[in-house]
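Colleague: Starting off with a structure, shown below.
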Amino acid sequence: MPRPTSPFPLLAAALALAVLQVGCATKPPASEPDALEEYYQTNDPLEPTNRVFYAINNGLDTVLLRPLAVAYRNVVPEVVRTHTHNLLTNLSEPVALFDDMLQARPRRAGDSFMRLLVNTTIGIGGVFDVATGWGWPAHDTDGGMTFALWGLPNGPYLFLPVLGPSSPRDASGFAGDIAMDPLTWIGQGAAVSALGYSRYSLNAIDARARVLDDLDKIKQTALDPYATIRSLYQQHRQSQIDEARSGEPATVPAWFAQTRRP
């Protein structure tokens, strides 16, 4: 029987289930900006544990991930990094398509389908992002957003080992995305497992290199980097969900009749 090529689903699911029963504050409406800001700052009942994991991750980042990201950015030419990012994005496009469909967002699903089709063929496996120039740009979507649109509560803030900022809903969505990824279930053996781990490692280095300057600035200037990262993550996450929720009605897809949309 095929088996996952990554331990992340088990890690994320176990940690999510461990905290699903933890209470969390009710999020105030957008009409109360002060209360909303306080919510973002205080929805962290597991803060002592979260800070321990943050310290561990920060140590690993300092001695391993950041140096790798710095070397990657300094040694690998920008054009190669761009094509690598395009390839990694294209590998995740099937999961984006599944999530768009589960969210009942047919136009976004149409964009994901066309991105996968165009970039895999004309873009040579996704090395070139032809679809964006043809009117099908990438958009944010994942399992956590799917659960949010289904009405599942976010739960308290979590800082997970290896995965970083998250929540019970997002951690469960992350595990679900890996379970839906076709590459998770293709083949068996050491070679397949090595390719799977290589993909996740390259994803981590690519993502870290893209936030290198911003994260360095936070660590250098913020009085409490943990609290700053928590607030930025929660606000950015909510903006992604709000955009997905209000981006389009669940109607017949119209991507075939469009070129570019803002």
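The values are calculated or read from the model by the stated rules, or taken from the named source; none is laboratory data. Everything quoted here is computed from the prediction, not taken from an experiment. We place every Cβ from the backbone using ideal geometry, glycine too, and count neighbours over all the protein chains shown.
Colleague: Just one of L183, L195 is in a helix (DSSP H, G or I), farther than 25 Å from V63 by Cβ and in contact with a Pro (Cβ under 9 Å, 6 or more places away or on another chain); which is it?
Modeller: Within the list L183, L195, the selection yields L183.
Colleague: Cβ-Cβ under 7 Å, sequence separation 6+ or interchain: first residue in the stretch 47-60 and in contact (Cβ under 8 Å) with a residue 40 or more places away in the chain and under 10 Å from G164 (Cα atoms), partner hydroxyl-bearing (S, T, Y) and part of a helix (DSSP H, G or I). Which pairs?
Modeller: Y54/Y226
Colleague: Restricting to the stretch 124-170, what's the tally of residues that are more than 27 Å from R51 (Cβ to Cβ) and charged (D, E, K, R)?
Modeller: Qualifying residue count for the region: 2.
Colleague: Moving to a separate point now. Please work out which residue is surrounded by the most Cβ atoms within 10 Å (Cβ to Cβ), limiting yourself to the stretch 202-246 and to residues that are farther than 30 Å from V80 by Cβ and among the small types (G, A, S).
Modeller: Only one residue fits best here, namely A244.
Colleague: Looking at R66, is it over 20 Å from the mean Cα position of the chain (by Cα) and farther than 27 Å from M180 by Cα?
Modeller: Against the criterion (over 20 Å from the mean Cα position of the chain (by Cα) and farther than 27 Å from M180 by Cα), R66 does not qualify.
Colleague: Right, next: In the stretch 89-156, which helices (runs of 4 or more DSSP H) lie fully inside it and hold 2 or more residues that are touching an Asp or Glu at 6+ places or on another chain (Cβ under 9 Å)?
Modeller: Per the criteria, 93-102, 106-121, 143-149.
Colleague: Would you be able to say whether some residue in the stretch 76-83 is over 30 Å from N50 (Cα atoms), assigned to a loop (DSSP other than H, G, I, E, B) and in contact with a His (Cβ under 7 Å, 6 or more places away or on another chain)?
Modeller: Checked the stretch 76-83: no residue is over 30 Å from N50 (Cα atoms), assigned to a loop (DSSP other than H, G, I, E, B) and in contact with a His (Cβ under 7 Å, 6 or more places away or on another chain).
Colleague: May I pose another question? Taking interchain pairs and intrachain pairs at least six residues apart, which have beta carbon atoms under 6 angstrom, with the first residue in the stretch 173-189 and buried (at least 17 other Cβ atoms within 10 Å of the Cβ) and the second outside any loop (DSSP other than H, G, I, E, B) and of a type in the set (G, A, S)?
Modeller: Once the first residue is buried (at least 17 other Cβ atoms within 10 Å of the Cβ) and sits in the stretch 173-189, its partners that are outside any loop (DSSP other than H, G, I, E, B) and of a type in the set (G, A, S) give G173/G143; G173/G144; F174/A12; A175/A12; A175/A13; G176/G143; D177/G143.
Colleague: Among the listed residues D170, D140, identify the single one that is surrounded by fewer than 20 Cβ atoms within 10 Å (Cβ to Cβ) and of a type in the set (D, E).
Modeller: One residue alone meets the criteria, D140.
Conditions (1) modelled with pLDDT of 95 or more; (2) among the small types (G, A, S), marked per residue:
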residue: R115; (1), (2): yes, no
residue: N119; (1), (2): yes, no
residue: V127; (1), (2): yes, no
residue: V130; (1), (2): yes, no
residue: G173; (1), (2): yes, yes
residue: S193; (1), (2): no, yes
residue: A209; (1), (2): yes, yes
